[in-house]
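This report refers to the structure that appears directly beneath it.
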Amino acid sequence: MNITIRPVAEDDFAAIVELFREFAHFERLDERMTNSVEQMKAESAYFNCFVAVNDQNEIVGYATYFFAYFTWTGKSLYMDDLYVKESYRGAGIGKMLINKVIDFAKSSGCHKLRWQVSDWNAPAIGFYKGLGAVIDAQERNCDLEVK
């Protein structure tokens, strides 16, 4: 199986939205997934993503990210999501995606890459620790709907 990692294209948005739904279901948070292809098109200037594509040109995983500025460290990259379809897990696709994000952060002059992991997701925690990530149990998410 050959996997290609490339930047997302607008033609990918429908497939990506379906993967967003899969990820929300995996996280047991289906009700929080409100994004749509139309919204992504309208907000495309803010959407950064690498996709993993198989030999059949099917998107089997993605990593979304954006630039951030952290007061203690400066310019950084925040990886919002890293997701690989269940049937493709264990094939190194997640590592390919995160390495692409890491390389992008380095080439963009970032000082840090930050992301989150659910405390119940032991396989992901082990994967991230294997990369050398430090998992901080001190900070908690704060979300506020501003609609």
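The values are calculated or read from the model by the stated rules, or taken from the named source; none is laboratory data. No experiment lies behind these values; they were computed from the predicted model shown. Positions of Cβ are generated from backbone atoms using ideal geometry, with glycine treated the same way; all protein chains shown enter the neighbour counts.
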Legend entry - Condition met for TYR88 (touching a helix residue (DSSP H, G or I) at 6+ places or on another chain (Cβ under 7 Å), surrounded by 11 or more Cβ atoms within 10 Å (Cβ to Cβ) and within 19 Å of GLU22 (Cβ to Cβ)): no
Inset, instruction - Tell me, please, whether a residue that is in a loop (DSSP other than H, G, I, E, B), small (Gly, Ala, Ser), exposed (fewer than 15 other Cβ atoms within 10 Å of the Cβ) and modelled with pLDDT under 95 can be found in region 8-22. - result: no
Inset, instruction - Output the residues belonging to region 96-147 that are assigned to a helix (DSSP H, G or I), surrounded by 11 or more Cβ atoms within 10 Å (Cβ to Cβ) and among the hydrophobic types (A, V, I, L, M, F, W, C). - result: MET96, LEU97, ILE98, VAL101, ILE102, PHE104, ALA105, ALA124, ILE125, PHE127
Inset, instruction - Go over the candidates ASN2, ASN35, ASN57 one by one and state the one that is surrounded by 16 or more Cβ atoms within 10 Å (Cβ to Cβ) and either without any contact (Cβ under 8 Å) to a residue 12 or more places away in the chain or not in a helix (DSSP H, G or I) (or both). - result: ASN35
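Yes/no per residue for (1) under 18 Å from the mean Cα position of the chain (by Cα); (2) within 19 Å of PHE23 (Cβ to Cβ); (3) not hydroxyl-bearing (Ser, Thr, Tyr):
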{"residue": "GLN56", "(1), (2), (3)": "no, no, yes"}
{"residue": "TYR78", "(1), (2), (3)": "yes, yes, no"}
{"residue": "CYS110", "(1), (2), (3)": "yes, no, yes"}
{"residue": "VAL117", "(1), (2), (3)": "yes, yes, yes"}
{"residue": "PRO123", "(1), (2), (3)": "yes, yes, yes"}
{"residue": "ASP136", "(1), (2), (3)": "no, no, yes"}
Legend entry - Candidate set from region 60-85 (those that are among the small types (Gly, Ala, Ser) and more than 22 Å from ASN2 (Cα to Cα)); member that is surrounded by the most Cβ atoms within 10 Å (Cβ to Cβ): SER76
Inset, instruction - Return the residue satisfying two criteria in turn: it lies in region 1-28 and is in contact with a Lys or Arg (Cβ under 8 Å, 6 or more places away or on another chain) and not hydrophobic (A, V, I, L, M, F, W, C), and of such residues it is nearest to GLY94 (Cα to Cα). - result: GLU22
Legend entry - Verdict on TYR62 being out of contact with any helix residue (DSSP H, G or I) (no Cβ under 8 Å at 6 or more places or on another chain) and within 30 Å of GLY109 (Cα to Cα): no
Legend entry - Pairs where the first residue, in region 126-147, is under 16 Å from ASP80 (Cα atoms) and the second is part of a helix (DSSP H, G or I) and at pLDDT 75 or above, C-beta under 8 Å, 6+ apart: ILE135/ILE125; ILE135/TYR128; ILE135/LYS129
